[in-house]
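To keep things clear, I will list the structure first and then write my remarks on it.
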Amino acid sequence: MWGKVLGFCFGFMFGKFIGALLGLYLGHMFDRSLKQDFDKAGGFSGLFKGDDINERQALFFSSCFAVMGHIAKSNGRVSETHIRAASLFMDEMNLSGDERREAQDAFRSGKESDFSLKETVHDFKERFARRHDLLQLFLEIQIQMAFSDGHLAEQEKQLLQEVSKQLGISRTQFSFLLKRYQAEFAFRQQQQRFYEQQNQQRSSHNEHQGHRVPPNNGMNRAQALALLGLSNDATSRDIKVAYRKLMAQHHPDKLVSQGLPKHMMEVAVKKSQDIQAAYEYLKKAA
């Protein structure tokens, strides 16, 4: 409001009525810009809710593992694959002692019959409403859990769609994230085979020594484009824009400052590395 008032006054002083109208307009644009910045910071609720970074990180941590447990139980029982995936996820985060027990307790709570997915996701969305990148990463982690066995069951997909809807993420964006993770999953599988092949070569270095051909990590243009969320007809400009956008969305330091637990920074780091690998491949193949 003060932008409009001051703009009107100064405009009238220097240009009478025409200046006043111009000043009013410029003041309106200034007020609007301030409001957008204020909203991004959480608005008035951010001032009075005690929106402490540690509280946000704790909520992200517990909600994430609880929903992971619920999705793992979607087929009626938690498979060994899902349990192993959850354990590996905790290993990646270097969780031990009380922190690991807290993650396990949250995971188990999500498996309980009285667990409310809707309430849990709603509370999470309320706290992170203006942090879209974190909402998206939360969903990506759940997709990762559901896809841990390389297959997305119908019940898992329905739950993921429900989580996506509760978070305010559109069906189009959900499909985009799902396709991107499938490409990401395939790439990591190929990377694993690549390293296994390297190890086999090292163990048999005595045979045909000096004539070995370095193994291919398996990435091709179609897969690299899919990892960036692009189709085969993407241009160089499309690739650069998608790369910059995805890197900005998954920047670890930025996400931690918004409420991502520091233990989970490794998730964002790995995603950034995959995005970087796809981009570098496309640059060299151009």
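The values are calculated or read from the model by the stated rules, or taken from the named source; none is laboratory data. The shown structure was predicted, so the numbers you read here are calculated from the model rather than taken from an experiment. Every residue, glycine as well, gets a Cβ built from its backbone with ideal geometry; the counts of neighbours run over all protein chains shown. Heads up: the accessible areas ignore ligands, DNA and RNA and are worked out on the full protein's heavy atoms, side chains in. Shrake-Rupley method; radii C 1.70, N 1.55, O 1.52, S 1.80 Å.
With the highest mean first, a sort of the peptides 124-137, 63-76, 173-186 on other beta-carbon atoms found within 10 angstrom per residue produces 63-76, 124-137, 173-186.
Using R0 = 22 Å, the C-beta based FRET efficiency linking LYS157 and GLU92 works out to 0.35. Do the alpha carbons of any pairs in LYS157/LYS270; LYS245/LYS283; LYS245/LYS271; LYS240/LYS270 sit beyond 21 Å of each other, and which pairs? Among LYS157/LYS270; LYS245/LYS283; LYS245/LYS271; LYS240/LYS270, the Cα-Cα distance tops 21 Å for LYS157/LYS270. Nonpolar atom fraction for the range 230-286, defined as the carbon and sulfur part of the 1.4 Å probe accessible area, stands at 52 percent. Of all aspartates and glutamates in the structure, the ones whose alpha carbon falls short of 17 Å from that of LYS165, not counting any fewer than 8 places away in one chain, are GLU119, ASP123, GLU126, ASP133, GLU140, GLU154, GLU156.
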